[in-house]
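Reviewing the structure listed below.
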Amino acid sequence: MYILGIETSCDDTSAAVVHDSSEVISMITASQTCEHNKFGGVFPEVASRMHCENISRVVNDAIKTSGVKTKIDAVAVTCKPGLIGSLLVGLNFAKGFALTRKIPIIPVNHLKGHIASLYINNPNLKPPFLCLIVSGGHTCIAKVETYTHFEVLVKTLDDAAGECMDKVARALGLDYPGGKNLDMLAKNGNKFKFSFKTPKLKDYNFSFSGLKTAAKKLICDFKNKDIELPIADICASVQYNIVQYLVNNLFVIAKKNHSDDKKISKIAVSGGVSANSFLRETLKTRCNQEGFEFFEPDLRYCGDNAAMIAVQGYFEFLEGNTGDFSINAKSRCM
Ligand code: KG4
Ligand code: ZN
């Protein structure tokens, strides 16, 4: 089965053609990073307009390069959560495409898409497993029970981990989105130079706003005193504290689920921040030490992309979860 995936939930216009559950035939993504860099973050109205400008070309290019133009069986599209104006561009395009081709439309939850990104390069990964989903908009630990059902066990109560890294990076004067730059600069820094407190919350939920504020205050203090910013040390310390926080809470939850009836012995990570080299390395080491099998997405499929939406679309289709033309976009998960 060939599925066209469309993803426009934030600032990437992406289309992909995927065969069954994991064979990516083509993928084209138009990034808007340069436009949003001027504002230091995603400007929703600009994002919607750029999706409008890019969507036809991106979808046509993905179909053309796939070489299976006439064989597309269904279109899967992100319908929630995300920026409402951005989601609507992809959703309405997908509706038009499905209507003219007389093929089914499959609405896909963006978080399920991030989980599905793991199936592309991990043929041995099958539910149940625990997944740490870390991106610019989301941070949660999900129990993936089946290919189409997951339960959020804990989540951030304020900022997402990626958002926190992006805001600290911005305060350091790095380009948006700063997570990737922070990761690179951290390689030459001392991760123990500054320590940032992370709160222990009930049920092991996360909160990143305190760390973000403390890091921004530290940067301000250096600037006010006219002292040269120890950029690499700040990057390394912020990254270290965020990763330790994520991984420590994850392992408390993992051990609890491992000892429950339905033993979960597999841990995965996904979302834009799963590209972070220190997070990947730390998770790999901890999983080895604690006897869990570890899975990570290929770097191409960590950030927002349409291949993961098409893969999830395949599993939703098998469950009969297709939609009709009354599907609407939702900014939230529910
Ligand atoms: O999944 P994604 O593309 O969009 C959302 O669904 O939010 O994630 C984007 C986030 C941004 O915050 C970006 O800074 C972060 O992923 N990111 C990274 C790295 N690469 C991307 N954060 C840390 N280290 C990286 N190497
Ligand atoms: Zn995402």
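The values are calculated or read from the model by the stated rules, or taken from the named source; none is laboratory data. Since the structure is predicted, the reported quantities are computational estimates derived from the model, not experimental observations. Here the Cβ positions follow ideal geometry from the backbone for every residue, glycine too, while neighbour counts run over all protein chains shown. Accessible surface is based on the protein model in full, side chains and every heavy atom, while ligands, DNA and RNA are left aside. Shrake-Rupley method; radii C 1.70, N 1.55, O 1.52, S 1.80 Å.
State yes or no: is residue 144 surrounded by 22 or more Cβ atoms within 10 Å (Cβ to Cβ) and more than 15 Å from ligand 1 (Cβ to nearest atom)? Steps first, answer last, please.
Working: surrounded by 22 or more Cβ atoms within 10 Å (Cβ to Cβ): yes; more than 15 Å from ligand 1 (Cβ to nearest atom): yes.
Judged against the criteria, residue 144 is a match.
Restricting the first member to the range 183-195 and to residues that are at negative phi, and the second to residues that are part of a loop (DSSP other than H, G, I, E, B) and surrounded by 14 or more Cβ atoms within 10 Å (Cβ to Cβ), the beta-carbon pairs closer than 7 Å and six or more apart or on different chains are 183/276; 193/230. Note on the range 147-163: among residues that are open to solvent by less than 30 Å² (accessible area, probe 1.4 Å) and over 16 Å from residue 308 (Cα atoms), the one that is nearest to ligand 1 (Cβ to nearest atom) is 162.
Looking at the range 43-162, what helices (runs of 4 or more DSSP H) fall wholly within it and have at least 3 residues that are within 18 Å of the chain's Cα centre (by Cα)?
Numbers: elements: 44-66, 84-101, 110-121.
Those helices (runs of 4 or more DSSP H) span 84-101, 110-121.
In the set (1) away from ligand 1 (no atom under 12 Å from the Cβ); (2) touching a Phe, Trp or Tyr at 6+ places or on another chain (Cβ under 9 Å); (3) not polar (S, T, N, Q), the condition left unmet by residue 102 is number (2).
If you take the residues in the range 296-334 that are β-branched (Val, Ile, Thr) and open to solvent by 10 Å² or more (accessible area, probe 1.4 Å), which one is farthest from residue 162 (Cα to Cα)? Ranking the candidates gives 322 first.
Only a single item in (1) in contact with a Ser or Thr (Cβ under 9 Å, 6 or more places away or on another chain); (2) without any contact (Cβ under 8 Å) to a residue 60 or more places away in the chain is not met by residue 281, and it is number (1). Considering only residues in the range 105-115 that are open to solvent by less than 30 Å² (accessible area, probe 1.4 Å) and away from ligand 1 (no atom under 16 Å from the Cβ), the one that is nearest to residue 21 (Cα to Cα) turns out to be 106.
Checked against (1) under 30 Å from residue 28 (Cβ atoms); (2) open to solvent by less than 70 Å² (accessible area, probe 1.4 Å); (3) without any contact (Cβ under 8 Å) to a residue 60 or more places away in the chain, residue 273 passes all but a single condition, namely (3). Scanning the range 122-140 for residues that are away from ligand 2 (no atom under 16 Å from the Cβ) and surrounded by 23 or more Cβ atoms within 10 Å (Cβ to Cβ) returns 129, 130.
Restricting the search to the range 53-91, which residues are in contact (Cβ under 8 Å) with a residue 60 or more places away in the chain and over 13 Å from residue 330 (Cα atoms)?
Initially, the range 53-91 is screened for residues in contact (Cβ under 8 Å) with a residue 60 or more places away in the chain, giving 62, 66, 68, 71-84, 86-91.
Selection gives 62, 66, 68, 71, 72, 73, 74, 75, 76.
Checking each residue in the range 71-89 for being out of contact with any Gly (no Cβ under 9 Å at 6 or more places or on another chain) and surrounded by 23 or more Cβ atoms within 10 Å (Cβ to Cβ) picks out 86, 87, 89. Against the test of being away from ligand 1 (no atom under 16 Å from the Cβ) and modelled with pLDDT of 95 or more, the options 83, 88, 132 yield a single qualifying residue, 88. Listed residues 21, 9, 56, 26; which is under 24 Å from residue 269 (Cβ atoms), in contact with a helix residue (DSSP H, G or I) (Cβ under 9 Å, 6 or more places away or on another chain), of a type in the set (Ser, Thr, Tyr) and more than 16 Å from ligand 1 (Cβ to nearest atom)? None of the others qualify; the one that does is 21.
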